[in-house]
Amino acid sequence: MTRYKIFIEYDGTDFCGWQKQASNISVQEEIEKAIYKFSGEVVNLYGSGRTDAGVHALGQVAHFDLDKIFEEIRVVGAINFHLRPNKICIKDCEIVDKNFHARFSAIKRSYIYKIINRHSPLVLDINR
């Protein structure tokens, strides 16, 4: 079993958040489906944390295990190919030790809150 650590960027506008839900589309679910499409293996994707509906991520970390061994660059390209047209991309991938856990091995988490208080509509920052 090989453990893969991935770095994820996404626009959460169209998603119910990170975590799988029975009746809505989540970031976690879409990535798991993409992994299955290239590897043929059903995986559980573990994130470093969860985001709410409409929240974006610049560098969320997650991990999953596969029986097969793939080069990291191939994992990135294959998942990204199968994620289209979702606004999710895998920025990088590393093979890590079995003891690594995206949530429990995290050293820090950073959040950016942007509050725009004006009367005119947003153009450049819409959904941001």
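The values are calculated or read from the model by the stated rules, or taken from the named source; none is laboratory data. This one's a predicted model, so the numbers in the text were calculated from it and none came from an experiment. Neighbour counts run over all protein chains shown; Cβ positions are idealised from the backbone, glycine included. SASA here: full protein model, heavy atoms, side chains in, ligands and nucleic acids out. Shrake-Rupley method; radii C 1.70, N 1.55, O 1.52, S 1.80 Å.
The table below gives the values:
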quantity: Cα lying deepest toward the dipole's positive end in the chain, options Ile126, Gly40, Ile95, charges on Cβ; calculated: Ile126
quantity: Residue order for Lys108, Lys87 - accessible surface, 1.4 angstrom probe, largest first; calculated: Lys108, Lys87
quantity: Accessible area of the chain belonging to carbon and sulfur atoms, whole % at 1.4 Å probe; calculated: 52
quantity: Residue-count net charge about Gly49 - beta-carbon cut-off 10 Å; Lys, Arg +1, Asp, Glu -1; calculated: +3
quantity: Viscosity 1.002 mPa s, 20 °C: Kirkwood-radius Stokes-Einstein D of the range 83-128 over Cα pairs, µm²/s; calculated: 141
quantity: Dipole in debye (nearest 20) - the chain, about Cα centre, beta carbon charges: Lys, Arg +1; Asp, Glu -1; calculated: 320
quantity: By accessible area with a 1.4 Å probe, ligands and nucleic acids excluded, highest first: order of Ser23, Ser105; calculated: Ser23, Ser105
quantity: The chain, helix-only ellipticity at 222 nm - DSSP H runs n ≥ 4, -39,500 (n - 2.57), divided by all residues, nearest 500; calculated: -6000 deg cm²/dmol
quantity: Computed magnitude of the charge dipole of the range 23-64 (debye, nearest 20; Cβ of K, R +1, Cβ of D, E -1); calculated: 40
quantity: Per residue accessible area in Å² of the chain, where ligands, DNA and RNA are left out and the probe is 1.4 Å; calculated: 66
quantity: Accessible area, probe 1.4 Å, largest first, for residues Arg74, Arg84; calculated: Arg84, Arg74
quantity: Mean Cα-pair separation over length for the range 24-128, i.e. relative contact order, pairs under 8 Å, 6 or more apart, %; calculated: 28
quantity: The range 33-112: C-alpha gyration tensor shape, a/c 1.5 cut-off, then a/b vs b/c; calculated: oblate
quantity: Candidate aspartates and glutamates for bridging to Lys68, where Cα separation is under 19 Å - those fewer than 8 sequence places away on the same chain excluded; calculated: Glu32, Glu41, Asp92, Glu94, Asp97
quantity: Compactness relative to 2.2 N^0.38 Å, alpha carbon Rg of the range 1-65; calculated: 1.06
quantity: Cα-centred dipole magnitude for the range 70-128, charges only on beta-carbon of K, R (+1) and D, E (-1), debye, nearest 20; calculated: 380
